[in-house]
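Asks: This is the structure I have questions about; it appears just below.
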Amino acid sequence: MFRNFGPGELLLLASGLRWTVALTALAFAGSGLLGLLVLVLRVSPARPLRLLAMLWIQAIQGTPLLGHLFLIFFGLPLMGFEVSRWVAATVALSVYGSAFLSEIWRGAVEGVPKGQWEASAALGLPRLLQLRKVILPQALTIAIPPTVGFLVQLIKNTSLASIIGLIELSREAQLVNGATFAPFVVYGCTSVLYFALCFPLTSWSRALEARRAVAR
Amino acid sequence: MNYTFRFSPVLSRADQLLAGLAETLWISAAVIALGFLVGLGGAFASRSHLKPLRFLVRGYVEAIRNTPLLAQLFFIYFGLPGLGIRLDAVPAAMIALVVNLGAYTIEIVRGGIEAVPKGQTDAGIALGLTRRQVLLLIVLKPALKVMFPALASQFTLLMLATSILSQIGVEDLFHMASLIDSATYRSFEVYAVACGFYLLTALGFRAVFALIYRLVFSERVRPAPPAAVVPP
């Protein structure tokens with residue numbers, strides 16, 4: 001017989017939310033590291049490196065995340081690389097995120113006046129040090145609001161991991177729905193939980209942006 | 001790694017992929033058209049004098065932008081039948097996508113309208129136009145021009161996002177790729193080819209949007225009058 005949807009089921013959904021948060025954290029770290037690498041290549045003085053970064057960004061932004069996920073989860077094992085659901089989801093989301101984060105951050109880096117590069121070059125700083133000591137601290141204040149906005153995108157995109165069977169909020173919702181057959185309540189509660197996670201971040205991003213606009 | 005790539009089993013089923021691509025394309029085109037209308041209407045409503053209407057639009061935009069498309073799709077396709085509203089996969093998919101795209105479009109259009117200098121509106125009012133006339137005749141076109149790049153990338157993202165429709169059984173490009181995968185076990189090749197199709201489609205979208213931009217928004221620059229020739 002079907003179970004009724006009660007507090008226990010809500011608790012199950014909440015425990016799924018925990019894994020959504022964990023996957024988001026992993027994917028955000030991965031996107032950040034990979035994104036930083038792509039950014040460094042994208043603003044590099046060497047043309048082939050810039051082209052490589054542009055190609056990466058175009059290819060990722062022009063293909064669906066579900067495609068990356070399936071390529072990694074179903075494609076790689078055939079070549080002898082065993083990938084778990086968590087590894088596949090983390091890698092796919094990081095690859096996907098890197099293409100968007102690096103562009104967001106490039107906008108921020110380019111938002112720093114050119115004179116700042118020239119001044120730090122005139123002081124004899126090598127290129128990487130210019131980036132680290134002079135440009136990045138200024139670019140950071142520009143970058144933070146859209147980065148938080150991107151974090152919301154990432155949270156929402158973790159739902160695709162349910163498709164390869166990783167148990168996070170969306171997958172837990174399918175399981176609870178299978179047991180209770182109360183789809184309206186289950187998927188309604190699921191959406192509310194996502195909203196509870198995303199809305200504060202969206203508001204925060206907006207507040208940061210507004211504060212920055214005032215400071216300028 | 002001693003894996004031999006074999007694309008031939010996938011490519012010999014290219015007709016299936018193309019049929020899926022056709023489904024992806026027409027659904028995307030229809031959703032973009034409808035979602036754009038929802039976005040325009042919603043953006044106008046969000047500037048209405050009626051507070052409840054503004055509040056309603058705000059709530060709609062926030063609810064959609066802070067939940068995943070997959071959750072929205074499942075809510076409409078699996079959740080609504082719980083209330084007795086039963087929809088086939090394609091209509092359910094289209095409703096979910098239009099509702100989703102509409103919310104993002106409202107934000108973009110609102111931003112575009114706000115980017116038009118206030119002096120333009122004042123000038124229109126001073127000329128005796130009504131608020132609606134000012135919006136439609138003076139503000140809309142420059143606003144659309146400002147928002148066009150953001151709209152174009154939103155529409156491209158929407159096209160890519162249609163890949164999740166495969167999860168409710170819409171026979172789109174991604175669904176066809178999964179079918180071929182289960183028939184051939186050439187997972188890597190088939191999803192790589194499918195990604196290639198999506199990439200080409202995304203590039204095609206970009207070309208089409210660039211063309212539309214040129215046709216609709218590029219200012220025809222009048223050739224400069226010939227410089228006065230000073231007789232020697």
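Asks: Going through the range A:156-173 one residue at a time, which ones are more than 8 Å from chain B (Cβ to nearest Cβ), assigned to a helix (DSSP H, G or I) and surrounded by fewer than 24 Cβ atoms within 10 Å (Cβ to Cβ)?
Replies: Within the range A:156-173, A:I164, A:R171 meet the criteria.
Asks: Which one is nearest to B:S166 (Cα to Cα), of the residues in the range B:1-22 that are within 14 Å of chain A (Cβ to nearest Cβ) and not in a helix (DSSP H, G or I)? Let's see the steps before the verdict.
Replies: Residues of the range B:1-22 that are within 14 Å of chain A (Cβ to nearest Cβ), as a first pass: B:1-7, B:9-10, B:17, B:20-21.
Then drop every residue that is not not in a helix (DSSP H, G or I), which leaves B:1-7.
Details: B:M1: 31, B:N2: 32, B:Y3: 28, B:T4: 28, B:F5: 25, B:R6: 25, B:F7: 22 Å.
Here the answer is B:F7.
Asks: Let me ask something else about it. If a residue counts only when it is under 15 Å from the mean Cα position of the chain (by Cα) and surrounded by fewer than 20 Cβ atoms within 10 Å (Cβ to Cβ), which helices (runs of 4 or more DSSP H) contained entirely in the range B:79-187 have at least 1 such residues? Steps first, please.
Replies: On the way: elements: B:89-115, B:118-126, B:140-161, B:173-184.
Qualifying helices (runs of 4 or more DSSP H): B:89-115, B:140-161.
Asks: Taking B:R58 and the conditions (1) within 29 Å of B:L140 (Cα to Cα); (2) at pLDDT below 95, which numbered condition does it fall short on, given that it satisfies the others?
Replies: (2)
Asks: Can you tell me which residue within the range B:4-35, out of those that are among the aromatic types (F, W, Y) and touching a residue at least 60 places away in the same chain (Cβ under 8 Å), is surrounded by the fewest Cβ atoms within 10 Å (Cβ to Cβ)? Write out each step before concluding.
Replies: Just the residues of the range B:4-35 that are among the aromatic types (F, W, Y), to begin with: B:5, B:7, B:26.
Narrowing further to those that are touching a residue at least 60 places away in the same chain (Cβ under 8 Å): B:5, B:7.
Values: B:F5: 11, B:F7: 13.
Out of the qualifying residues, it is B:F5.
Asks: Hey, among A:V134, A:V109, which residue is over 30 Å from A:L23 (Cβ atoms) and crowded, with 18+ Cβ neighbours inside 10 Å?
Replies: Answer to the selection: A:V134.
Asks: Tell me the residue from A:A25, A:A92 that is without any contact (Cβ under 8 Å) to a residue 12 or more places away in the chain and either under 17 Å from the mean Cα position of the chain (by Cα) or in a helix (DSSP H, G or I) (or both), please.
Replies: Working: A:A92 fails: without any contact (Cβ under 8 Å) to a residue 12 or more places away in the chain.
Testing whether each residue is without any contact (Cβ under 8 Å) to a residue 12 or more places away in the chain and either under 17 Å from the mean Cα position of the chain (by Cα) or in a helix (DSSP H, G or I) (or both) leaves just A:A25.
Asks: Any residue that is more than 14 Å from chain B (Cβ to nearest Cβ) and closer than 23 Å to A:F5 by Cβ - is there at least one of those in the range A:118-140? Spell out how you get there, then give the answer.
Replies: Of the residues in the range A:118-140, the ones more than 14 Å from chain B (Cβ to nearest Cβ) are A:118-140.
This time we only want the ones that are closer than 23 Å to A:F5 by Cβ, so: none.
No: the range A:118-140 contains no residue that is more than 14 Å from chain B (Cβ to nearest Cβ) and closer than 23 Å to A:F5 by Cβ.
Asks: Next question, about the same structure. Return the pair list, or none, for Cβ contacts closer than 9 Å from residues in the range B:183-207 that are closer than 15 Å to B:L173 by Cα and more than 9 Å from chain A (Cβ to nearest Cβ) to residues that are outside any helix (DSSP H, G or I) and of a type outside the set (D, E), at least 6 apart or on different chains.
Replies: That search, which allows pairs on different chains as well, returns B:V193/B:F7.
Asks: To continue, here is another question. Quick one: which residue in A:L41, A:L34 is in contact (Cβ under 8 Å) with a residue 40 or more places away in the chain and assigned to a helix (DSSP H, G or I)? Show your work before the answer.
Replies: On the way: A:L41 fails: in contact (Cβ under 8 Å) with a residue 40 or more places away in the chain.
Only one candidate qualifies: A:L34.
Asks: Could you tell me which numbered condition A:G80 fails, if it satisfies all but one of (1) within 13 Å of chain B (Cβ to nearest Cβ); (2) closer than 29 Å to B:N66 by Cβ; (3) surrounded by fewer than 21 Cβ atoms within 10 Å (Cβ to Cβ)?
Replies: Exception for A:G80: condition (2).
Asks: Kindly indicate which of A:A22, A:A99, A:A27, A:A122 is of a type in the set (A, V, I, L, M) and in contact with a Leu (Cβ under 7 Å, 6 or more places away or on another chain). Full working, then the answer.
Replies: Details: A:A22 fails: in contact with a Leu (Cβ under 7 Å, 6 or more places away or on another chain); A:A99 fails: in contact with a Leu (Cβ under 7 Å, 6 or more places away or on another chain); A:A122 fails: in contact with a Leu (Cβ under 7 Å, 6 or more places away or on another chain).
After ruling out the rest, the residue left standing is A:A27.
Asks: In the range A:176-204, what count of residues is obtained for those that are part of a helix (DSSP H, G or I), touching a residue at least 12 places away in the same chain (Cβ under 8 Å) and within 11 Å of chain B (Cβ to nearest Cβ)?
Replies: Taking the range A:176-204 as the starting set, the residues that turn out to be part of a helix (DSSP H, G or I) are A:176-180, A:183-204.
Narrowing the set further to residues that are touching a residue at least 12 places away in the same chain (Cβ under 8 Å) leaves A:176, A:179-180, A:185-187, A:189-190, A:193-194, A:197-198, A:201-202, A:204.
Within this subset, residues satisfying the condition of being within 11 Å of chain B (Cβ to nearest Cβ) are A:180, A:185-187, A:189-190, A:193-194, A:197-198, A:201-202.
Number satisfying all stated conditions: 12.
Asks: Mind listing whichever residues of the range B:77-135 are hydroxyl-bearing (S, T, Y) and more than 14 Å from every other protein chain (Cβ to nearest Cβ)? Reasoning before the result, please.
Replies: Of all residues in the range B:77-135, those hydroxyl-bearing (S, T, Y) come to B:77, B:104-105, B:121, B:130.
Of everything in the range B:77-135, those that are hydroxyl-bearing (S, T, Y) and more than 14 Å from every other protein chain (Cβ to nearest Cβ) turn out to be B:T105, B:T121, B:T130.
The values are calculated or read from the model by the stated rules, or taken from the named source; none is laboratory data. The model shown is predicted, which means the values in this text are computed figures rather than measured ones. Positions of Cβ are generated from backbone atoms using ideal geometry, with glycine treated the same way; all protein chains shown enter the neighbour counts.
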